[in-house]
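What follows is a set of notes on a single structure, which appears directly below.
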Amino acid sequence: MFMRSKVAGLIFAGAIALCGQETKLDPHSSIQINFPTDSPVLQLSTNVDESRATPRGGAMVVDLHMSLSLRNSGSRNIRGITLMVTAQEVTPGGKASVAVPSLDVAPGQSFPVRIDLRLLRPLQAGGGPLVKVSLDGVLFDGFDFYGPNRLNSRRSMTVWEMEAQRDRQHFKSVLAASGPAGLQREMLDSLARQAERPRIDVRVSRGGRAVSSAAAPEHMARFAFLKMPDSPVEAVDGWAEVAANEARTPTIQVVNRSSKPVDYVEIGWLVKDPQGHEFLAGSVPAAEGDLFLPPGRSGRVLQDTALRFSRNAGEPVSIASMTGFVSQVEFADGTAWVPNRLALQLSGLLRMVAASPEEQRLADLYRTKGLNAVVEELRKR
Amino acid sequence: MTKHPSEALLALFAGGDLGSLRRWRVERHVAACTECQLEVSEFSELRAAVPAMMEPPEISWTKLAVEMKANIRLGLEAGECVSAGRSDGRGIFNVRALAVCGSLALLLAAFLLERPTPRIEPVRATEAAFLESSGSGIQSKTGDQSIMLLNTRARDARNVDYLASGNAMRARYVDSETGYVTVNNVYAQ
């Protein structure tokens, strides 16, 4: 009898810990939204009705589903926005952001931004808002920028806008040269590329190893490089410490071949497994403020991170070889360079790298609303 | 779309506990079903969050047997000592039997109290911070705390683009409700 009641007690305690009682979140105490007083974007409303907190074991799981309605209160069209999300109490020093590129929001128009996040934190936690949302940046027509730019959102949004202009131009040329049928083929190709693009799961940790159990011997693996014909920066040498499915501390030597000083370079990183499957593993950005390359000078792009590769929910992907390519460059004057469409096509990178946000949006528009909607969209600007 | 696998099957799949044929069948379904992908990723997270069930404590049966024998012997010897001064042997059996029964009862009680029971240990994740992508989003985790940006509104969960870049990870997708491209970034601590 005693044992039976003991077992029943254990099961009951487990069930309480696992199931817990769901509670609705109070938006006033759990979320703080701060936009600067001179912000060109106004917050019209916030909806967090679907948000819940659920105790789970000794922890609390908070599912926060936030829908913000914002209005362009400036005088120029908005091309992109980035919001910074911090949960200081849960991840001290950690932060996140939600960006919406490829926008075309005219002055006075409103637009939605959705933030969905899950926090896992101890049951006993201090007071204060769970999540703080603030504006990191807004990109306007003509690459004008507003915002504190703590997350370097200016650079990301500038690159996305350049890629958008490049890809819109490409699709417009196809429409002009081959008509709607040609554009339709391009859209179908794009959707197929997006669906078939080889994907890989990556786990990142700063410094050290991503896993402590990598038993395979470590060796220094060299990068091969794809040359981009018009790239202002050339990657000339590079290596990373590799053990089985783990690579760490990628280091790449670059030379500025342009006539302008460069202060940021990002290298795309492809990994090939022993079976010959190639994946985009990630990118190696120059550390912030770490690189300044006057014309003709060389420097190093170095990241103190460890990456572990897997697929199909945990099956390790061994690294047989690595390839790098210059994926973006920022000059000291704030302008940027991205590879052109032809170079991506000729190098085979078009099927390896993700489609630009604009191409992704246009292809989705084609899928959901048809060819006429895309043609109309391309004729807008 | 085939019929959804049961919750139990999805839970076993998330834990890698299915046989190869069933795993293959569930894997095929999950690859094409957003709803099940979400469920699998929730089971995976639950496995990580719920305290690990410890292995039953190691019991040295040899040591226990030696102790049992020693206790029985001790009981018998004690009985002999008590009975040594008595001339008639009527009570000897009873004393010995009592000693043996007492020892056995003691051992049985000890065994019942110490028998292997699952013990729930507090969550003790590794302290090192890391970033990873799962079917439902990108997570930054340190110890037993984590922040995860979800991409549950993605038009097609298979077409979410993840990219590790330096000490950050990015997920890009088309929001099914707004039609806007959304880029979630989580930065390592």
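Some points to look at:
- Bins of 10 Å from zero: percent of alpha-carbon pairs in the stretch A:95-251: 7, 18, 27, 29, 15, 3, 0
- Per the Kirkwood formula applied to alpha carbons, the stretch B:125-189 shows a radius of gyration over Rh ratio, Rg over Rh, of 1.01.
- Taking A:P274, A:P294, A:P339 as the candidate residues, the one with maximal mean-square fluctuation in a Gaussian network model of chain A, Cα springs under 10 Å, is A:P274.
- Radius, Kirkwood style, for chain A when every pair of distinct Cα atoms is counted (Å): 23.8
- Label-to-label distance, nm, for residues given as A:R311 and B:H4 (7 Å Cα→Cβ offset): 2.9
- Average silhouette area of the stretch B:1-50, convex hull of alpha-carbon atoms, in square nanometres: 3.1
- Each peptide among A:76-85, A:240-249 gets the average number of other Cβ atoms lying within 10 Å of its residues, and from highest to lowest they stand as A:76-85, A:240-249.
- Modelled this way, with points 7 Å down the Cα-to-C-beta line, the labels at B:L107 and A:S259 are 9.6 nm from one another.
- Relative contact order computed over the stretch B:1-50 (Cα-Cα under 8 Å; 6+ residues apart), in percent: 45
- Relative contact order [Cα under 8 Å, 6+ residues apart], the stretch A:201-353, whole percent: 30
- By the count of neighbouring beta-carbon atoms within 10 Å, fewest first, A:T86, A:T46 end up ordered A:T46, A:T86.
- Between the beta carbons of B:R158 and A:Q275, assuming R0 = 22 Å, the FRET efficiency works out to 0.55 to the nearest 0.05.
- Note on A:190-198: average number of Cβ atoms from other chains within 10 Å of each residue's Cβ is 1.
- Listed pairs A:K272/B:K141; A:K132/A:K260; A:K172/A:K227; A:K272/A:K380 exceeding 30 Å between Cα atoms: A:K132/A:K260; A:K272/A:K380
- Per residue, the average separation of C-alpha pairs within less than 8 Å and at least 6 apart gives chain A a relative contact order of 14 percent.
Any read-out appearing in this document is the output of simple, stated calculations on the displayed coordinates, not a laboratory observation. For clarity, every value in this text was computed on a predicted model and none was experimentally measured. Because the Cβ atoms are built from the backbone with ideal geometry, glycine has one as well, and the counts that use them run over all protein chains shown.
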